[in-house]
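**Q** Let me begin by handing over the structure; questions about it come next.
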Amino acid sequence: MSAQTAGGQRFGVRVVRVLDTTVDMVTAIILTLLLLLGCYALWDSQQVYDNASSVSYAEYKPTTVSTEGFQELQAANPDVFGWLEVYGTNIDYPLVQADDNTTYLNVNAKGEYSLTGALFLDYANDRHFADFNSIIYGHHLEKEVMFGEIGNFENEEFFDEHRYGNLYYDGADHGIEFFAFVLTDAYDSTIYTVVKSNSGQERAYVDGLLSQASRVRDVEVAE
């Protein structure tokens, strides 16, 4: 083997080694970036849930001692008109109402863009709860955020242990008693229909709820 040939082989080996090192470095950089991206995605997701937690609204909750925080929230977003609490759960949020049923799908009660949205009253309902039924919407999310615990009512023990709640509006508290749990889909018009008082549809609506309910409490629900 000539010295020229041997030199060429050594040069080729060095080139291959350099390329291998470069590929390894690029691979390591890509894997590091993917890891960082994954960590950021997890952090960002956690931030979304943290910001939507009922704890983040605690300072605005109206109490018998003070409604100052609630009034501050109303000043920031005039669509805020009430507060819903389900005792023994994390469902403890302000209520809003817009001119449609889409605005608060991705806007929170503070009026800010948020994937978790807000708890909102159907736009067709009277916000003084003068209708026969009032429909409140909210996202069913993980980590017990927004209406994430609603599905738990299908469990008999959970249903039995969570009977009451509170609805604050018009400057006063109004007790709630939960009498049924219905698992349905978003297109069930028999459920998602606002029934006005004295409309003649009251009995049919209640009978429809009870016929679909998987959990029912012995509570008289009259027209």
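**Q** Is it true that some residue in region 80-87 is among the aromatic types (Phe, Trp, Tyr), part of a loop (DSSP other than H, G, I, E, B) and in contact with a helix residue (DSSP H, G or I) (Cβ under 9 Å, 6 or more places away or on another chain)?
**A** No, because not a single residue in region 80-87 is among the aromatic types (Phe, Trp, Tyr), part of a loop (DSSP other than H, G, I, E, B) and in contact with a helix residue (DSSP H, G or I) (Cβ under 9 Å, 6 or more places away or on another chain).
**Q** Quick one: count up the residues across region 49-78 that are in contact with a strand residue (DSSP E or B) (Cβ under 7 Å, 6 or more places away or on another chain) and of a type in the set (D, E, K, R).
**A** 1
**Q** Please work out which one of (1) farther than 29 Å from Val221 by Cα; (2) touching a strand residue (DSSP E or B) at 6+ places or on another chain (Cβ under 8 Å); (3) free of Cβ contacts under 8 Å to residues at least 24 places away in the same chain is the condition Ala109 fails and give its number.
**A** The single condition Ala109 does not satisfy is (3).
**Q** Further question: Given Asp99, Asp44, Asp92, which one is open to solvent by 40 Å² or more (accessible area, probe 1.4 Å), among the acidic types (Asp, Glu) and at pLDDT 60 or above?
**A** Asp99 is the lone residue from the list that is open to solvent by 40 Å² or more (accessible area, probe 1.4 Å), among the acidic types (Asp, Glu) and at pLDDT 60 or above.
**Q** Among (1) within 20 Å of Val86 (Cα to Cα); (2) without any contact (Cβ under 8 Å) to a residue 12 or more places away in the chain; (3) open to solvent by less than 40 Å² (accessible area, probe 1.4 Å), which single condition is His140 missing?
**A** Result: His140 passes all but (3).
**Q** Are any of the residues in region 60-79 part of a strand (DSSP E or B) and crowded, with 17+ Cβ neighbours inside 10 Å?
**A** no
**Q** Quickly run through region 177-223 and pick out the residues that are more than 21 Å from the chain's Cα centre (by Cα) and of a type in the set (A, V, I, L, M). Please lay out each step first, then the result.
**A** Let us first name the residues in region 177-223 that are more than 21 Å from the chain's Cα centre (by Cα), namely 177, 179-180, 189-190, 193-223.
Residues satisfying the conditions are Ala180, Val194, Val195, Ala204, Val206, Leu209, Leu210, Ala213, Val216, Val219, Val221, Ala222.
**Q** What is the one condition in (1) out of contact with any strand residue (DSSP E or B) (no Cβ under 6 Å at 6 or more places or on another chain); (2) closer than 26 Å to Pro78 by Cα that Leu119 does not satisfy?
**A** (1)
**Q** From the list Val194, Val206, Val219, which residue is among the β-branched types (Val, Ile, Thr) and without any contact (Cβ under 8 Å) to a residue 24 or more places away in the chain? Don't jump to the end; show me each part of the working.
**A** Values: Val194 fails: without any contact (Cβ under 8 Å) to a residue 24 or more places away in the chain; Val219 fails: without any contact (Cβ under 8 Å) to a residue 24 or more places away in the chain.
One residue alone meets the criteria, Val206.
The values are calculated or read from the model by the stated rules, or taken from the named source; none is laboratory data. Model, not experiment: these values are computed from the prediction. When we count neighbours, we look across all protein chains shown, and the Cβ atoms used for this are built from the backbone with ideal geometry, even at glycine. In case anyone asks, the SASA skips ligands and DNA or RNA and just uses the protein heavy atoms, side chains included. Shrake-Rupley method; radii C 1.70, N 1.55, O 1.52, S 1.80 Å.
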